[in-house]
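A.B. asks: The following block contains the structure, expressed as structure tokens.
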Amino acid sequence: MRVLVVVPAFNEQAALPAVVAEIRNERQRLGIDIDVAVVDDGSTDHTSEVAYSCGARVLRLCRNLGIGGAVQVGLRAALREGYDCAIQLDGDGQHPASEITKLIGALSQSPAPDLIVGTRYRTRDGFRSTALRRLGGTWLRVLLRVVAGLRVTDPTSGFRLYGHRALKLFDQTYPYDYPEPEALAIASAAHLRVAEVPVQMRERQHGRSSISGIAAPYYMLKTTLAVVLSYVRNRRRAVDGEGK
Amino acid sequence: MTFERYWMFAAVCVFVALFLVRMVVAEQLSLQASLSFLVLLVLGATVALFPGVTSWLAYRMGFTLPSNFFFSVLIAALGFLHLSALVHLSRVQQRSVTLTQELALLQEKVDRAMRAIEKTSAAGRS
């Protein structure tokens, strides 16, 4: 099995060495063919050089596209180079590479899920985010349930595994800013099988979230509209001829 | 019934049209992008020089005052131009994102190929 771990990174030179080293340790422990691709999203620091010196592949975007554009380019690389699946893991150290095994393990379910989301809300351990963020998460959960008929507990989690059908779908379309809940709506509209596995997360090791202050209400408004519109727009999108 | 000609408004329309043409010549604006605006300015100048046409159209379409008709048409035309500019901008943005991604993928391929060539030539030398 060939797996590409996609690490979107914007000015993450401080956190990256530990993140890449953790993934490489996990590769040795699991004995799976895991490659690491750091997507440098137009960083102004030495993110690319640091990632390269750590032994990762580096996809360098010449301008900042935001998290969605960065993730999509990694997924495109995985699809074009024939990887069996891709795993999205944040470059700020929030997602422990040791949890990758849980995402890969979920592929053995029958039928195999196309998109597996690591959720921090199914266990009592680990970092669970602030109360305000959890409130926002609850709203998105209800929204996805009502609009897309999708039951997920952690719609904003960026720790995900994309199977082949998900790679094909997101090669065609992927939301650009604050993409996680919207991507779930698109997956549901395109009839992908979405599953969740409990994982532990940490607080970010370096840097700060882009969703704070005045960006928070904008995020909620934009995401709410985007989830509804993306679901409607993608209902007719066919993946392997299974679209409506 | 005689109508006063609005020379000043016509002159402003012509002046703005000439300014747009100058931008097209200087390649700051494409002809395709400016064409709809130029047509609007020519129509504006025509209306200013032949206001009788506007009055006739306004009364035919149920407007009490020709000025109401004039401003309604102008607002609608500018709204349409703005919407078409937004559509164009969205397309350009989407293409720009795709190009940036393709460039990153190609750049990585080139980097890997260059490193492989360097390795091979270094092995050949030793």
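A.B. asks: Restricting to segment A:3-39, name every residue that is surrounded by fewer than 24 Cβ atoms within 10 Å (Cβ to Cβ), over 20 Å from A:Gly105 (Cβ atoms) and within 14 Å of chain B (Cβ to nearest Cβ).
C.D. replies: A:Phe10, A:Ala37 - these are the residues of segment A:3-39 that are surrounded by fewer than 24 Cβ atoms within 10 Å (Cβ to Cβ), over 20 Å from A:Gly105 (Cβ atoms) and within 14 Å of chain B (Cβ to nearest Cβ).
A.B. asks: For segment A:56-75, which positions are more than 8 Å from chain B (Cβ to nearest Cβ) and in contact with a helix residue (DSSP H, G or I) (Cβ under 7 Å, 6 or more places away or on another chain)?
C.D. replies: A:Ala56, A:Leu75
A.B. asks: Oh, and also: Return yes or no: is B:Thr46 more than 14 Å from every other protein chain (Cβ to nearest Cβ), hydroxyl-bearing (Ser, Thr, Tyr) and part of a helix (DSSP H, G or I)?
C.D. replies: Working: more than 14 Å from every other protein chain (Cβ to nearest Cβ): yes; hydroxyl-bearing (Ser, Thr, Tyr): yes; part of a helix (DSSP H, G or I): yes.
Yes.
A.B. asks: Ok, one more. Give the number of residues within segment A:129-162 that are touching a helix residue (DSSP H, G or I) at 6+ places or on another chain (Cβ under 7 Å) and free of Cβ contacts under 8 Å to residues at least 24 places away in the same chain.
C.D. replies: Here the count works out to 1.
A.B. asks: Looking only at residues in segment B:97-123 that are within 28 Å of A:Tyr176 (Cα to Cα) and basic (Lys, Arg), which one is farthest from the other protein chains (Cβ to nearest Cβ)?
C.D. replies: Within segment B:97-123, the first condition is being within 28 Å of A:Tyr176 (Cα to Cα), and the residues that meet it are B:97-112.
Narrowing further to those that are basic (Lys, Arg): B:109, B:112.
On the way: B:Lys109: 10, B:Arg112: 8 Å.
Going through the qualifying residues, I end up with B:Lys109.
A.B. asks: List pairs: first residue in segment A:163-176 and more than 11 Å from every other protein chain (Cβ to nearest Cβ) and surrounded by fewer than 19 Cβ atoms within 10 Å (Cβ to Cβ), second residue part of a helix (DSSP H, G or I) and at pLDDT 95 or above anywhere in the structure, Cβ distance under 7 angstrom, at least six positions apart or on different chains.
C.D. replies: Between residues of segment A:163-176 that are more than 11 Å from every other protein chain (Cβ to nearest Cβ) and surrounded by fewer than 19 Cβ atoms within 10 Å (Cβ to Cβ) and residues that are part of a helix (DSSP H, G or I) and at pLDDT 95 or above, the close pairs are A:Lys168/A:Leu79.
A.B. asks: Another question, if that's okay. Hey, can you tell me all the residues within segment B:17-35 that are outside any helix (DSSP H, G or I) and among the charged types (D, E, K, R)?
C.D. replies: Of segment B:17-35, the ones outside any helix (DSSP H, G or I) are B:26-30.
Correct list: B:Glu27 only.
A.B. asks: Can you find, within segment B:76-96, the residue that is farthest from A:Val71 (Cα to Cα) among those that are loosely packed, with under 12 Cβ neighbours inside 10 Å and within 13 Å of chain A (Cβ to nearest Cβ)? So that I can check it myself, show each step before the final result.
C.D. replies: So in segment B:76-96, the residues loosely packed, with under 12 Cβ neighbours inside 10 Å come out as B:76, B:79, B:82-83, B:86-87, B:89-95.
With within 13 Å of chain A (Cβ to nearest Cβ) added as a condition, the list becomes B:90, B:93-95.
Numbers: B:Ser90: 20, B:Gln93: 17, B:Gln94: 15, B:Arg95: 17 Å.
In this case the residue turns out to be B:Ser90.
A.B. asks: Can you give me the number of residues within segment A:40-55 that are away from chain B (no Cβ under 14 Å) and surrounded by fewer than 20 Cβ atoms within 10 Å (Cβ to Cβ)? Give the derivation first.
C.D. replies: Narrowing segment A:40-55 to residues away from chain B (no Cβ under 14 Å): A:44-46, A:50, A:54.
Now narrow it down to the ones that are surrounded by fewer than 20 Cβ atoms within 10 Å (Cβ to Cβ): A:44-46, A:54.
Final tally of qualifying residues: 4.
A.B. asks: Do we have A:Arg80 as surrounded by fewer than 22 Cβ atoms within 10 Å (Cβ to Cβ), at the interface with chain B (Cβ under 9 Å from one of its Cβ atoms), over 18 Å from the mean Cα position of the chain (by Cα) and under 11 Å from B:Leu105 (Cβ atoms) here? Before the answer, list the steps.
C.D. replies: On the way: surrounded by fewer than 22 Cβ atoms within 10 Å (Cβ to Cβ): yes; at the interface with chain B (Cβ under 9 Å from one of its Cβ atoms): yes; over 18 Å from the mean Cα position of the chain (by Cα): yes; under 11 Å from B:Leu105 (Cβ atoms): yes.
The answer is yes for A:Arg80.
A.B. asks: To continue, here is another question. Quick test of your reading of the structure: B:Arg22 fulfils all but one of (1) farther than 30 Å from A:Leu65 by Cβ; (2) among the basic types (Lys, Arg); (3) within 14 Å of another protein chain (Cβ to nearest Cβ). Name the failing condition by number.
C.D. replies: Failed condition: (3).
The values are calculated or read from the model by the stated rules, or taken from the named source; none is laboratory data. Every value quoted in this text rests on a predicted model; they were computed, and no experiment measured them. A quick note on method: Cβ atoms are made from the backbone with ideal geometry, for glycine too, and the neighbour counts reach across all protein chains shown.
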